């Protein structure tokens, strides 16, 4: 059991509401930041319990910031934990928050979980993540719930929206005008999907480089032209066979 889950299971203070399988994911990605001057923003304060959990896990050097729409959450603010009151789908508010906090090592979106909230928060705050930082959006099961603006294969859901990220990180190899390198391509290293969670690992990227080392024993085949030609001729041969078979059948 991780320290995070132990804190959760033993918690008798302010309420923490988490899916149990999240704790292993948190610990896998967050462990390297423990007892270091890490900067964190959590969207969604709820009862303040998770802020206490992060403080216990990351240690005294951590700078913790939070956002919640409920003004009553301000009471959970401490000397080392700053809470901003506002809506996570208010772009002006999020722009203001960025002026008040340093760039982030970790962002955890555990806010209202509606599609617009998750998408707007990502669009406004991903740019504020440090190089090698982490952006985590959780409770993505709401992408399958209509009352949150989602639904299976709903093009407006955060899940469907985030599927475009897969194309974007591979845009270096695109030969299509519709898929071009953009800032996300240049600043994103990896995407990690778990049940109800997407974790995005940010990192300044360069165009991929392919190298060959060692000698050739058999003749090298250039990729991919010969394969395409082979595929074309195979298809043409199969088509001719079908035509000949039809002609034989007609003669019968």
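When residues in region 154-206 are screened for being under 27 Å from residue 19 (Cβ atoms), out of contact with any strand residue (DSSP E or B) (no Cβ under 9 Å at 6 or more places or on another chain) and assigned to a loop (DSSP other than H, G, I, E, B), 5 of them pass. The criterion of at least 1 residues that are under 24 Å from residue 200 (Cβ atoms) and over 22 Å from the mean Cα position of the chain (by Cα) is met, among helices (runs of 4 or more DSSP H) falling completely within region 1-62, by 3-10, 49-58. The number of residues in region 129-161 being surrounded by 16 or more Cβ atoms within 10 Å (Cβ to Cβ) and touching a helix residue (DSSP H, G or I) at 6+ places or on another chain (Cβ under 8 Å) comes to 18. Of all the listed residues (82, 98), the sole one being in a helix (DSSP H, G or I), under 20 Å from residue 124 (Cβ atoms) and in contact (Cβ under 8 Å) with a residue 12 or more places away in the chain is 98. Do we have residue 195 as under 23 Å from residue 31 (Cβ atoms), in contact (Cβ under 8 Å) with a residue 12 or more places away in the chain and surrounded by fewer than 11 Cβ atoms within 10 Å (Cβ to Cβ) here? Answer is yes for this residue. Of all residues in region 71-81, which are surrounded by fewer than 16 Cβ atoms within 10 Å (Cβ to Cβ) and closer than 17 Å to residue 52 by Cα? Result: 72, 74, 75, 78, 79, 80. Just one of the numbered conditions (1) within 19 Å of residue 17 (Cα to Cα); (2) within 24 Å of the chain's Cα centre (by Cα); (3) not in a strand (DSSP E or B) is not true of residue 107: (3). For region 85-109, the set of residues classified as in contact with a helix residue (DSSP H, G or I) (Cβ under 7 Å, 6 or more places away or on another chain), more than 11 Å from residue 41 (Cβ to Cβ) and surrounded by 15 or more Cβ atoms within 10 Å (Cβ to Cβ) consists of 85, 86, 87, 89, listed by residue number.
With 181, 200 as the choices, which residue is surrounded by 13 or more Cβ atoms within 10 Å (Cβ to Cβ), touching a residue at least 60 places away in the same chain (Cβ under 8 Å) and touching a helix residue (DSSP H, G or I) at 6+ places or on another chain (Cβ under 8 Å)? Of 181, 200, the one residue that is surrounded by 13 or more Cβ atoms within 10 Å (Cβ to Cβ), touching a residue at least 60 places away in the same chain (Cβ under 8 Å) and touching a helix residue (DSSP H, G or I) at 6+ places or on another chain (Cβ under 8 Å) is 200.
For region 127-147, residues that are farther than 15 Å from residue 109 by Cα and part of a helix (DSSP H, G or I) total 3.
All of the numbers you see were taken from the coordinates with simple rules; none came from a lab. None of these values were measured; they are calculated from a predicted model. Note that each Cβ is placed from the backbone with ideal geometry, even for glycine, and that neighbours are counted across all protein chains shown.
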